[in-house]
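One structure is given below, encoded as C-alpha cells.
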Amino acid sequence: MKRTTHEHIHKALFVLNPTSGVPPVNFIVSKELEIRKNQLSFCKTLNKEDTSCLIKQNFNKYDVFIAAGGDGTVHTVASELVGTNKILGVLPLGSGNGFAKEFGFKMNVRSLLSDIKRAESIDIDVIEINEKLCLNVAGIGLDSFVAHSFNNLKLRGFLPYVWLTFKTFLRLRPFHVTIKCGGEEIVSEKLFVLTVANTRQFGNYAFIAPEARPNDGLIDIVLIKPFPKILGSLFILRLFTKRINKSKYVRHLQTDKEIVIETSETRFHIDGEPLEISGKVVIGLKKEVLKVLKTAGNKNCSRA
C-alpha cells in the first residue's frame, strides 16, 4: 500500500539540541517544529549520551534522522548511523555548521521536509582517528586551540568565534609533528595548523581543503607552515576564496593509506569538538559507509 505524505514524513525523526547556536534562533526553530507536529516527529536532547540513547530506542521506527543542531550534534547522530541503511539529514543551528553548509542543508524546515519526502541519499566516506569518527575536519593547531577555548566560552555564534580566533592567532606558536603514511615518514617539521579533512570547509564557508570530497576514497591533509603574522589577512582571504592551497606556506596531501601522526601537542579537535589525544594518532578511512540525505546542494560533494 502506498504511503500518504504524512506517513512518509513521519519516517523521519528530528533530534533537536536546544543548546546549539544562538538561543533566539534555536527557540524559533523549536517553535516551528512544535507547530508542524502533525507533519513531523521530533524530540529534544540534553547531551551526547541522551542523543545516542534516543536514536537507539527509535532506530527501527524511522528511515531518516535529522540532526537539528551544530556540527557536534551532527557528529553524535551520525555515529549511530554509520554502516547502516539509515539516512542522516541536518537542520543547521550551530555556530559554524561546516557539514551542513558543505551538503547544502539550510535552516528551512519546509525545504527539509521536501527533501525527506524524496528520501534520496548519497553514500559518503568517514575518517577514523584513533577509532573516533570524523565526518568533516579534524586537526591540531589554530583551529583546535580555538575549539578548546570556544568550548569554555558562554557566548555562542559567529562573532564571538571570530573574536576568539583572532585572539588565539596573535598568541599562536608553532608545534612539531612527524607524519608517516603507509609506514613511510613524509613530514617532520614545525607547523601552525595540521588539518585532516573529509570535506572542504571548517564552517561558515572557510575552505581549508578546497580539493577534498567526502566520497572520493581519499584522506586530505593540509599543512600550514609558520608564516609572518602580518600575512594573516591574506590567509583569511585565501581561506574564504578557496585559494588557501595556492600559498607557499601551505602543503596539501591526499592518500588512501593509513596515516600516523606523532606530536607533543595534545589539544586536538574532531568536527569542532575539542579533545585531548596523547601518543600516536592513527588515521584511517572507511569508504561510503554513511548515507546523507540528498539536497540540491549535494552537487558540491560529488566526485571530481
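Check 235, 240, 268 and return the single one that is closer than 24 Å to residue 97 by Cβ and free of Cβ contacts under 8 Å to residues at least 24 places away in the same chain. Step through it out loud before you land on a result.
Values: 240 fails: free of Cβ contacts under 8 Å to residues at least 24 places away in the same chain; 268 fails: free of Cβ contacts under 8 Å to residues at least 24 places away in the same chain.
Only one candidate qualifies: 235.
Do we find that residue 218 is surrounded by fewer than 14 Cβ atoms within 10 Å (Cβ to Cβ), within 30 Å of residue 106 (Cα to Cα) and hydrophobic (A, V, I, L, M, F, W, C) in this structure? Even if it seems obvious, please write down each step before you answer.
On the way: surrounded by fewer than 14 Cβ atoms within 10 Å (Cβ to Cβ): no; within 30 Å of residue 106 (Cα to Cα): yes; hydrophobic (A, V, I, L, M, F, W, C): yes.
The answer is no for residue 218.
If you take the residues in region 221-242 that are in contact with a Leu (Cβ under 8 Å, 6 or more places away or on another chain) and more than 20 Å from residue 183 (Cα to Cα), which one is surrounded by the most Cβ atoms within 10 Å (Cβ to Cβ)?
Restricting attention to region 221-242, the residues satisfying the condition of being in contact with a Leu (Cβ under 8 Å, 6 or more places away or on another chain) are 221-226, 229.
Those still in the list that are more than 20 Å from residue 183 (Cα to Cα) too: 224-226, 229.
Numbers: 224: 21, 225: 15, 226: 15, 229: 12.
The qualifying residue surrounded by the most Cβ atoms within 10 Å (Cβ to Cβ) is 224.
Test of understanding: among 112, 33, 88, which residue is over 25 Å from residue 288 (Cβ atoms) and out of contact with any Pro (no Cβ under 8 Å at 6 or more places or on another chain)? Steps first, please.
Numbers: 112 fails: over 25 Å from residue 288 (Cβ atoms); 88 fails: over 25 Å from residue 288 (Cβ atoms).
When all the criteria are applied, what remains is 33.
Restricting to region 60-94, what's the tally of residues that are out of contact with any strand residue (DSSP E or B) (no Cβ under 7 Å at 6 or more places or on another chain), surrounded by fewer than 24 Cβ atoms within 10 Å (Cβ to Cβ) and over 21 Å from residue 114 (Cα atoms)?
The number of residues fulfilling the criteria is 3.
From the set of residues in region 267-304 that are of a type outside the set (A, V, I, L, M, F, W, C), in contact with a helix residue (DSSP H, G or I) (Cβ under 8 Å, 6 or more places away or on another chain) and not in a helix (DSSP H, G or I), which is modelled with the lowest pLDDT?
272
Condition first: closer than 26 Å to residue 95 by Cα and of a type in the set (A, V, I, L, M). Can you find one or more residues in region 293-301 that meet it? Working first, answer last.
Filtering region 293-301 for residues closer than 26 Å to residue 95 by Cα gives 293-301.
Cutting the leftovers down to of a type in the set (A, V, I, L, M) gives us 293, 296.
Yes, there is a match, as at least one residue in region 293-301 is closer than 26 Å to residue 95 by Cα and of a type in the set (A, V, I, L, M).
Can you name the residue in region 1-51 that is farther than 16 Å from residue 90 by Cα and among the polar types (S, T, N, Q) and, of all such residues, is modelled with the lowest pLDDT?
4
Consider region 52-91. How many of its residues are without any contact (Cβ under 8 Å) to a residue 24 or more places away in the chain and closer than 17 Å to residue 199 by Cα?
The number of residues fulfilling the criteria is 0.
Residue by residue, here is whether (1) of a type in the set (Ser, Thr, Tyr); (2) in contact (Cβ under 8 Å) with a residue 12 or more places away in the chain; (3) within 20 Å of residue 79 (Cα to Cα); (4) in contact with an Asp or Glu (Cβ under 8 Å, 6 or more places away or on another chain) holds:
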residue	(1), (2), (3), (4)
98	no, yes, yes, yes
102	no, yes, yes, no
117	no, yes, no, no
129	no, yes, yes, no
132	no, yes, yes, no
135	no, yes, yes, yes
185	no, no, no, no
195	yes, yes, no, yes
202	no, yes, yes, yes
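Going residue by residue through region 235-248, is there one that turns out to be small (Gly, Ala, Ser), within 17 Å of residue 138 (Cβ to Cβ), over 17 Å from the mean Cα position of the chain (by Cα) and outside any strand (DSSP E or B)?
First, the residues of region 235-248 that are small (Gly, Ala, Ser): 247.
Remaining after also requiring within 17 Å of residue 138 (Cβ to Cβ): none.
Within region 235-248, not a single residue is small (Gly, Ala, Ser), within 17 Å of residue 138 (Cβ to Cβ), over 17 Å from the mean Cα position of the chain (by Cα) and outside any strand (DSSP E or B).
Got a sec? Which of 65, 105 is within 21 Å of residue 209 (Cβ to Cβ) and among the aromatic types (Phe, Trp, Tyr)?
Details: 65 fails: within 21 Å of residue 209 (Cβ to Cβ).
Of the residues listed, the single one that is within 21 Å of residue 209 (Cβ to Cβ) and among the aromatic types (Phe, Trp, Tyr) is 105.
Residues being farther than 14 Å from residue 263 by Cα and touching a residue at least 24 places away in the same chain (Cβ under 8 Å): count how many of those fall in region 171-182.
3
Across region 257-278, which residue is surrounded by the most Cβ atoms within 10 Å (Cβ to Cβ) among those that are within 11 Å of residue 177 (Cβ to Cβ) and of a type in the set (Asp, Glu)?
Among those residues, the one meeting the criterion is 265.
If residue 189 meets every condition in (1) touching a Leu at 6+ places or on another chain (Cβ under 6 Å); (2) at pLDDT 95 or above apart from one, which number is that one?
(1)
For region 211-220, indicate whether the set of residues that are polar (S, T, N, Q), in the same structural domain as residue 140 (by TED's automatic domain parsing) and free of Cβ contacts under 8 Å to residues at least 12 places away in the same chain is non-empty. I'd like the intermediate steps shown before the answer.
Kept after step one, since they are polar (S, T, N, Q), are these residues of region 211-220: 215.
Cutting the leftovers down to in the same structural domain as residue 140 (by TED's automatic domain parsing) gives us 215.
Now restrict to residues that are free of Cβ contacts under 8 Å to residues at least 12 places away in the same chain: none.
Looking for residues that are polar (S, T, N, Q), in the same structural domain as residue 140 (by TED's automatic domain parsing) and free of Cβ contacts under 8 Å to residues at least 12 places away in the same chain, one finds none in region 211-220, hence no.
The values are calculated or read from the model by the stated rules, or taken from the named source; none is laboratory data. For clarity, every value in this text was computed on a predicted model and none was experimentally measured. Here Cβ is always computed from backbone atoms with ideal geometry, including for glycine, and neighbour counts include all displayed protein chains.
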